[in-house]
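The values are calculated or read from the model by the stated rules, or taken from the named source; none is laboratory data. Predicted, not measured: the structure shown is a model, and the values here were computed from it. So basically every Cβ, Gly included, is an ideal-geometry build from the backbone, and we count neighbours across all protein chains shown.
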Amino acid sequence: MWIDLRSDTVTKPTNEMRKAIAEAEVGDDVHHEDPTVLRLEEKTAAILGKEAAVFMPSGTMTNQVGLRAHTQPGDEVILEAQAHIYYYEGGGPAALSGVSCRLIPGDHGVFNARQLLKSLRKPDVHHPITRLVCLENTHNRGGGRVYPLEEIRKIGAVCREHNLALHLDGARLWNASVALRKPEAELVSDFDSVSVCFSKGLGAPVGSALAGSQAFIQRARHFRKMFGGGMRQAGIIAAGALYALENHREQLAEDHANARLLAEGLSQVEGVEVNLESVQTNIIVFQTPGTSAVALSEALEKQGVGMLDFGPEALRAVANMMVSREQIQQVPEKMSKALGNLR
């Protein structure tokens, strides 16, 4: 049986979710007439402690609409050096918002308030206007690192002092909430806008949401339409997201436990180096010194295991609801065989 650890985006709808999708009430969402979308937006805003939310097809769109709604062309946005918004969204900040990105190198995707302060420049006609700071929680390329809440508070204070908006790429915010055992609203209270995803660990087939103030979300709806994200009878997909939001958040703890189990198993395999302290949620990024990650991922495929190369000698594995504990326990042996076949 295929053990797919490439990403938590590989999750598929459960039978119960498919039933909710099939029975969804629908209307024209662009005209605010889809009751299922409205319920999802209201539920999401309530969970995040924000005034309003807007449903969109993808997390890339919610992030890029968020940037566009906060900024003007020529502005500057501050991000961590390996942020998803900068690294994986097709050059969207430049192409869609006309902004430049100022990058701060972080520790597993986390920079601190002191680093942020040092990056801020005095107003000068030679410099772009810094308008927005973006954080990512949990951090994908940081190996699923949870942003420390105390540091978020300090960064939020810096942003307020310098009149900067603060946006969260919270595609895996649900995982951060489970890991810290704190409600999502507490984790995002410092943010002016929050992007969340329903199609990763929660298992919905499609969809993300952007949350913020009423005025901000009204502006975001304009850019959603401009970017091609206005959908009509979107309740069909919103129903899956709503079901996932209401029923699948708690089971993320099982994914975290499986990731820990996998990391411990892989750490015993010769030719693999795992920093167990860095495994905080459902993502493991580990080193394969002396072995090509591309070659190893191909060798793993032959063993029935999917992982992504994450550097010349690094792989990423992501525990998800499609992979059982029993399957996780098989992976270290399959890894050992794959490495043996490359020697």
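The conditions of being closer than 14 Å to ALA204 by Cα and surrounded by 15 or more Cβ atoms within 10 Å (Cβ to Cβ) are met by LEU252. Scanning the stretch 153-192 for residues that are under 16 Å from ALA53 (Cα atoms), touching a helix residue (DSSP H, G or I) at 6+ places or on another chain (Cβ under 6 Å) and part of a loop (DSSP other than H, G, I, E, B) yields ALA171, VAL188.
Results for (1) over 11 Å from LEU67 (Cβ atoms); (2) surrounded by 14 or more Cβ atoms within 10 Å (Cβ to Cβ); (3) of a type in the set (A, V, I, L, M, F, W, C), shown as yes or no for each residue.
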site: LEU79; (1), (2), (3): no, yes, yes
site: GLN82; (1), (2), (3): yes, yes, no
site: SER97; (1), (2), (3): no, yes, no
site: ARG102; (1), (2), (3): yes, yes, no
site: HIS108; (1), (2), (3): yes, yes, no
site: SER119; (1), (2), (3): yes, yes, no
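Which members of the stretch 219-249 meet the condition of being part of a helix (DSSP H, G or I), of a type outside the set (Asp, Glu) and under 20 Å from the mean Cα position of the chain (by Cα)? Show your work before the answer.
To start, the set of residues in the stretch 219-249 that are part of a helix (DSSP H, G or I) comprises 219-226, 235-247.
Filter once more, keeping what is of a type outside the set (Asp, Glu): 219-226, 235-245, 247.
Scanning the stretch 219-249 gives ALA220, ARG224, ILE237, ALA238, GLY240, ALA241, LEU242, TYR243, ALA244, LEU245, ASN247.
Can you name the residue in the stretch 1-29 that is of a type in the set (A, V, I, L, M, F, W, C) and buried (at least 16 other Cβ atoms within 10 Å of the Cβ) and, of all such residues, is nearest to GLN329 (Cα to Cα)?
Only one residue fits best here, namely ILE3.
Out of ALA319, ALA215, ALA241, one residue alone is crowded, with 17+ Cβ neighbours inside 10 Å, among the small types (Gly, Ala, Ser) and either over 20 Å from GLU136 (Cα atoms) or without any contact (Cβ under 8 Å) to a residue 40 or more places away in the chain (or both). It is ALA241. Is it true that some residue in the stretch 159-181 is more than 22 Å from LEU79 (Cβ to Cβ), surrounded by fewer than 22 Cβ atoms within 10 Å (Cβ to Cβ) and without any contact (Cβ under 8 Å) to a residue 24 or more places away in the chain? Checking the stretch 159-181: at least one residue is more than 22 Å from LEU79 (Cβ to Cβ), surrounded by fewer than 22 Cβ atoms within 10 Å (Cβ to Cβ) and without any contact (Cβ under 8 Å) to a residue 24 or more places away in the chain.
So which residues in the stretch 322-332 are closer than 18 Å to ALA204 by Cβ and buried (at least 21 other Cβ atoms within 10 Å of the Cβ)? If the condition is that a residue be closer than 18 Å to ALA204 by Cβ and buried (at least 21 other Cβ atoms within 10 Å of the Cβ), then VAL323 is the only one that fits.
Yes or no: the stretch 24-35 includes at least one residue that is at pLDDT 95 or above and either assigned to a helix (DSSP H, G or I) or under 20 Å from ALA215 (Cβ atoms) (or both). Checked against the condition, which is being at pLDDT 95 or above and either assigned to a helix (DSSP H, G or I) or under 20 Å from ALA215 (Cβ atoms) (or both), the stretch 24-35 yields at least one hit. Does at least one position in the stretch 63-75 carry a residue that is over 19 Å from GLU136 (Cα atoms) and among the acidic types (Asp, Glu)? The answer is yes, given that some residue of the stretch 63-75 is over 19 Å from GLU136 (Cα atoms) and among the acidic types (Asp, Glu).
Sort through GLU89, GLU25 and tell me the only one that's in the same structural domain as ARG221 (by TED's automatic domain parsing) and within 19 Å of the chain's Cα centre (by Cα).
On the way: GLU25 fails: within 19 Å of the chain's Cα centre (by Cα).
Every option except GLU89 fails the conditions.
Of everything in the stretch 290-309 that's hydrophobic (A, V, I, L, M, F, W, C), in contact with a helix residue (DSSP H, G or I) (Cβ under 9 Å, 6 or more places away or on another chain) and surrounded by fewer than 19 Cβ atoms within 10 Å (Cβ to Cβ), which residue is farthest from LEU5 (Cα to Cα)? Lay out the reasoning, then the answer.
Initially, the stretch 290-309 is screened for residues hydrophobic (A, V, I, L, M, F, W, C), giving 293-296, 299-300, 305, 307-308.
Retained after the next criterion (residues that are in contact with a helix residue (DSSP H, G or I) (Cβ under 9 Å, 6 or more places away or on another chain)): 295-296, 299-300, 305, 307-308.
Right, trim to surrounded by fewer than 19 Cβ atoms within 10 Å (Cβ to Cβ) and you get 295, 308.
Numbers: ALA295: 16, LEU308: 8 Å.
For the stretch 290-309, the residue satisfying everything is ALA295.
Among the residues of the stretch 313-343 satisfying the criterion of being more than 23 Å from the chain's Cα centre (by Cα) and not in a helix (DSSP H, G or I), which is nearest to ALA257 (Cα to Cα)?
Filtering first and then ranking leaves GLU313.
Condition check: of a type in the set (D, E, K, R) and either modelled with pLDDT under 95 or closer than 19 Å to ALA259 by Cβ (or both). Does ARG102 satisfy that? When the stated conditions are applied, ARG102 does not pass them.
Does GLY207 fit the bill of being among the small types (Gly, Ala, Ser) and surrounded by 24 or more Cβ atoms within 10 Å (Cβ to Cβ)? Explain how you work it out, then say what you get.
Numbers: among the small types (Gly, Ala, Ser): yes; surrounded by 24 or more Cβ atoms within 10 Å (Cβ to Cβ): yes.
Taking the combined requirement at face value, the residue satisfies it.
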